[in-house]
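The values are calculated or read from the model by the stated rules, or taken from the named source; none is laboratory data. From a predicted model like this one, the values you see are computed outputs, not experimental measurements. With ideal geometry, Cβ positions are generated from the backbone for all residues, glycine too; neighbour counts draw on all protein chains shown.
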């Protein structure tokens with residue numbers, strides 16, 4: 001363990017370096033535990049202050065922003081510099097360190113869209129009483145990776161997790177096509193031939209482009225019995241912290257039970273999942 005001077009920094013080093021499950025670690029007294037928690041809170045305030053500053057910040061600025069005495073701020077910043085969580089810039093200023101990027105990328109890689117979306121999908125299902133689907137893109141198809149359903153109806157298109165469907169006949173698939181831009185849509189049409197699956201399928205490029213333009217304006221897309229007669233769908237996109245669409249959320253229901261007002265609920269739910277992935281509009 002590295003040795004840091006100053007009581008607060010020593011407590012920070014103890015908390016940061018010794019795993020909680022290590023039975024060989026010394027037992028903290030209630031006072032020491034309280035001090036450790038206090039140091040973590042102060043460290044977090046300093047990190048927040050650094051995050052809010054677009055340029056390297058001085059010790060005085062950081063201390064004021066975090067509500068800390070300069071000497072206290074300096075001791076904690078020194079410990080974080082040693083751990084690469086903070087870097088010293090020119091003229092003694094500070095900025096966020098590379099270790100935070102490493103940890104952030106690691107956390108991002110471990111976020112499961114499915115696990116994050118499932119509680120929100122259950123809320124949407126409770127509000128609508130209909131099947132709620134989570135899907136991702138795989139080449140020219142969408143793949144359903146999760147579904148919540150009351151079992152009131154058997155909808156063949158999305159009945160089994162792992163099922164696939166062409167982009168142009170599904171609500172979420174259309175949103176993925178929008179991400180391609182006009183040239184990408186034309187290439188998709190030429191590549192797939194826009195094969196019709198029902199009499200309602202959009203099997204010509206002008207019809208598909210018109211529908212995509214409407215989806216762009218509304219912020220959601222619909223499937224009007226285009227994948228399966230008798231089944232309608234409303235879908236909205238889920239975006240990650242880079243703004244890329246990584247998945248889609250949709251409600252599927254028998255045509256006679258689908259309510260246009262659910263579109264707002266689908267969009268709102270997709271936005272909640274997106275925020276959980278770090279997306280900020």
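List of remarks:
- Take the conditions (1) touching a residue at least 24 places away in the same chain (Cβ under 8 Å); (2) surrounded by fewer than 18 Cβ atoms within 10 Å (Cβ to Cβ); (3) under 21 Å from residue 115 (Cα atoms); (4) in contact with a helix residue (DSSP H, G or I) (Cβ under 8 Å, 6 or more places away or on another chain); residue 163 misses just one of them, which is (1).
- Lone unmet requirement of (1) at pLDDT below 90; (2) in contact with a strand residue (DSSP E or B) (Cβ under 7 Å, 6 or more places away or on another chain) for residue 241: (2)
- Per the conditions (1) surrounded by 13 or more Cβ atoms within 10 Å (Cβ to Cβ); (2) part of a helix (DSSP H, G or I); (3) touching a residue at least 40 places away in the same chain (Cβ under 8 Å), the sole criterion not satisfied by residue 211 is (3).
- Residue in the range 160-172 that is in contact with a strand residue (DSSP E or B) (Cβ under 8 Å, 6 or more places away or on another chain), assigned to a strand (DSSP E or B), modelled with pLDDT under 90 and in the same structural domain as residue 212 (by TED's automatic domain parsing) present: yes
- Failed item in (1) in the same structural domain as residue 170 (by TED's automatic domain parsing); (2) assigned to a loop (DSSP other than H, G, I, E, B), with residue 281 passing the rest: (1)
- All conditions but one from (1) in a helix (DSSP H, G or I); (2) closer than 26 Å to residue 147 by Cα; (3) touching a residue at least 24 places away in the same chain (Cβ under 8 Å) apply to residue 197; the one that does not is (1).
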